[in-house]
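Have a look at the structure below before the remarks.
The values are calculated or read from the model by the stated rules, or taken from the named source; none is laboratory data. These numbers were taken from a predicted model, which means no experiment stands behind them. Methodologically, a virtual Cβ is constructed for each residue, glycine included, from the backbone with ideal geometry; neighbour enumeration extends over all protein chains shown. Areas reflect the complete protein model, heavy atoms only, side chains present, ligands, DNA and RNA absent. Shrake-Rupley method; radii C 1.70, N 1.55, O 1.52, S 1.80 Å.
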Amino acid sequence: MKQQFRTLDQFIIEKQADFPCATGGLSRLLRDIGIAAKVVNREINRAGLAGVFGETGTVNIQGECQQRLDVYANEQFITALKRGGECCAIVSEEDEELIAIDPGILGNARYIVAIDPLDGSSNIDVNVGIGTIFSIYRRVSTGGMVRPEDVLQKGNQQVAAGYIIYGSSTMLVYTTGNGVNGFTLDPSLGEFCLSHPDMMIPDHGRIYSVNEGNYIRFPEGVRRYIRYCQEEDLLTGRPYSSRYIGSMVADFHRNLIKGGIFIYPATTAAPNGKLRLIYECNPMAMIVEQAGGAASDGQTRILDLEVRELHQRSAIFIGSKSMVEKALEMMEVYSDVY
Ligand code: P6P
């Protein structure tokens, strides 16, 4: 059946009707993010011409060299969120401290946004897919400035999560807990248009995504799973294909559509894993579960993990449910063996 044309704004407003008590705040917040995404997309597309490639010479909280576009994207999303009036605090990969917004200025802004403004930015200068990841919580404290309990909420408390992928086309994919929908930016309209309604990840796939350069540093359970993926087996379609872009949003998006598993485990070099819980693992875990997949840190469901600090890292096994279950089975059998 031919799909009815709908822009992101039209879709958000339509879906707001699913929440009778909705005040429109979350809808406006999602639209604010969509606007900032279009601005960032334009700059990424002209980066080579506008001389915004390359490093700033500064280092972010993660100890990573900041790319000019990292800083630009961070500024655009923070500005859009501050101006939108719905957000009372922002956790950004690019900022060590929480960005608290005075509720006195914004009245009763109720949402906390955690964001990785430009994930995979080391790929910018080589024209490989990069992305923005966002996670939205409702404030739990009342009155005055936000409190730690507002920000350090478990992933199962998210009210929305999504990402933008700046690839061969630019897409925004998000969930508010009622399924996952994808929107493709139509440059001729300057609008995100519904292109992938009700996204579901295949329960099984033939793609595994892991940086095998770290093989020697992996726990035995991961090494065993990688070898399992490489064995010949007609029933499960093995050997699988190894696909690793080095940009979580791009690797995740491909697996969401085709089926597959993405693994960034704890290693001897990164005993807590590399990816950040609040603005990378939790939002992607909400999306994948809403699409019928699974996400774990190797023992615990990602969305149930205790959140203790802003830039907390976590191991992650995320993707097609049957593939994640198989990897966790191996982690169980070979637990704590390096
Ligand atoms: P490695 C990008 O820097 C990132 O945070 C994710 O987007 C990506 O999946 C991962 O790190 C790549 O890390 O160690 O394989 O280069």
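Across the accessible surface of the chain, with the other protein chains kept in place and a 1.4 Å probe, carbon and sulfur atoms take up 49 percent. Note on the chain: Rg/Rh from C-alpha atoms, Kirkwood Rh, equals 0.96.
Think of a 1.4 Å ball rolled over the protein heavy atoms: the range 184-272 then has 47 Å² of accessible area per residue. Three principal axis extents of the range 158-209 based on alpha-carbon atoms, in descending order, are 36, 28, 17 Å.
Per-residue 3J(HN,Hα) values for the range 220-229, derived from phi via the Karplus relation 6.51 cos²θ - 1.76 cosθ + 1.60 with θ = phi - 60°, read 4, x, 6, 4, 5, 5, 4, 5, 4, 5 Hz in sequence order (x marks Gly and Pro). Applying the Kirkwood pairwise sum to the alpha-carbon positions of the range 145-264 produces a hydrodynamic radius of 16.9 angstrom.
Neighbours of residue 281, meaning other residues whose beta-carbon lies under 9 angstrom from its beta-carbon, give a summed charge of 0 when Lys and Arg score +1 and Asp and Glu score -1.
The H on the amide N of residue 275, modeled in the peptide plane, is under 5 Å from the matching H of 314, each at least 5 residues off or on a different chain. The orientation-averaged projection of the convex hull spanning the C-alpha atoms of the range 236-335 amounts to 6.6 square nanometres. The GluC sites (Glu not before Pro) of the range 250-330 that meet both conditions, a loop assignment by DSSP and at most 12 other Cβ atoms within 10 Å of the site Cβ, are 306, 309. When the alpha carbon gyration tensor of the range 113-192 is reduced to an equivalent ellipsoid, the three semi-axes, largest first, read 29, 16, 11 Å.
For the chain, a simple Cβ point-charge model (Lys and Arg +1, Asp and Glu -1, everything else neutral) yields a dipole of about 580 debye relative to the Cα centre. Within straight-line reach of residue 82, meaning a Cα separation under 19 Å, sit the following lysines at least 8 residues removed in sequence or on another chain: 38. Across the range 74-165 the C-alpha pair distances fall into 10 Å bins from zero in the proportions 16, 47, 27, 8, 1 percent.
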